[in-house]
Amino acid sequence: MTIAVIYGGTRPNGNAETLTDLAINGLEVEKIYLGEYLIQPIKDGRHSEEGFQEVSDDYNSIINRLLPHDTWIFSTPIYWYSMSGIMKNFIDRWSQTMRDTNYPEFKTQMSKKKAYVIAVGGDEPYMKGLPMIQQFQHIFDFMGMSFEGYVLGEGNKPGDILNDKKAVYAATELLRR
């Protein structure tokens, strides 16, 4: 099993990153920090004659790094009761990749992946983060990915997540089942 972590935070060493790092402690993983890349929003070409147009950004290089991995961990702060904007842009672009002739088996490849979500928010995340978890479930179901589990944690200021003992414990156990 090979693991890739997709970090959707924009604050270095943010709470979601800290909690995720507890989950992957001691494991060999490839870390991808979406905030270090340019990912353009999708320009929907599904119903135009031209279809989707080539985009000059870093998205394809990220997909090329991720596809070889069996397990993907999505790590995101909870922003406005959902995933971060850069993570949403990244996932939105899957619509384009499914129609890209350079990736003819994209959805089939994705259906062989296991997925986890680790998210941290400061406003009652154990309750208000659940719609985001459902959103990920729908995304993974559509792609045929196996949703293996998630951890929600509470933290606002840097380092706050370490005070959420329930989330810390859940993260350390997440990949060890």
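Among the residues of the stretch 133-161, those identified as of a type outside the set (Asp, Glu), open to solvent by less than 80 Å² (accessible area, probe 1.4 Å) and under 22 Å from THR10 (Cβ atoms) are ILE133, GLN135, PHE136, ILE139, VAL151, LEU152, GLY153, GLY155, GLY159, ILE161. The set of residues from the stretch 23-40 being within 18 Å of ARG11 (Cβ to Cβ), of a type outside the set (D, E, K, R) and touching a strand residue (DSSP E or B) at 6+ places or on another chain (Cβ under 9 Å) comprises ILE32, TYR33, LEU34, GLY35. Taking the stretch 79-101 as the range and being open to solvent by 70 Å² or more (accessible area, probe 1.4 Å) and either acidic (Asp, Glu) or not in a helix (DSSP H, G or I) (or both) as the test, the residues that pass are TYR79, TRP80, TYR81, ARG99, THR101. Residues in the stretch 102-132 that are of a type in the set (A, V, I, L, M) and buried (at least 18 other Cβ atoms within 10 Å of the Cβ) were compared, and the one that is nearest to ASN60 (Cα to Cα) is MET110. Can we say THR76 is open to solvent by less than 80 Å² (accessible area, probe 1.4 Å), assigned to a strand (DSSP E or B), at pLDDT 95 or above and hydroxyl-bearing (Ser, Thr, Tyr)? For THR76, the condition - open to solvent by less than 80 Å² (accessible area, probe 1.4 Å), assigned to a strand (DSSP E or B), at pLDDT 95 or above and hydroxyl-bearing (Ser, Thr, Tyr) - is met.
No other residue among TYR7, TYR81, TYR59 is farther than 16 Å from VAL117 by Cβ and in contact with a helix residue (DSSP H, G or I) (Cβ under 9 Å, 6 or more places away or on another chain) apart from TYR59.
For the stretch 10-59, the tally of residues that are in contact (Cβ under 8 Å) with a residue 60 or more places away in the chain, open to solvent by 20 Å² or more (accessible area, probe 1.4 Å) and not hydroxyl-bearing (Ser, Thr, Tyr) stands at 5. In the stretch 158-177, the residues that are farther than 12 Å from THR18 by Cα reach residues that are part of a helix (DSSP H, G or I) and open to solvent by less than 90 Å² (accessible area, probe 1.4 Å) with C-beta atoms within less than 8 angstrom, at least six apart or across chains, in these pairs: LEU174/ALA23; LEU175/ALA23. Candidates are the residues of the stretch 91-140 that are in contact with a strand residue (DSSP E or B) (Cβ under 7 Å, 6 or more places away or on another chain) and small (Gly, Ala, Ser); the one that is farthest from LYS166 (Cα to Cα) is ALA115.
The values are calculated or read from the model by the stated rules, or taken from the named source; none is laboratory data. Just so we're clear, the structure is a prediction, and the values are computed from it rather than from any experiment. Methodologically, a virtual Cβ is constructed for each residue, glycine included, from the backbone with ideal geometry; neighbour enumeration extends over all protein chains shown. Please note that ligands, DNA and RNA were not included when accessible areas were found on the heavy atoms of the full protein model with its side chains. Shrake-Rupley method; radii C 1.70, N 1.55, O 1.52, S 1.80 Å.
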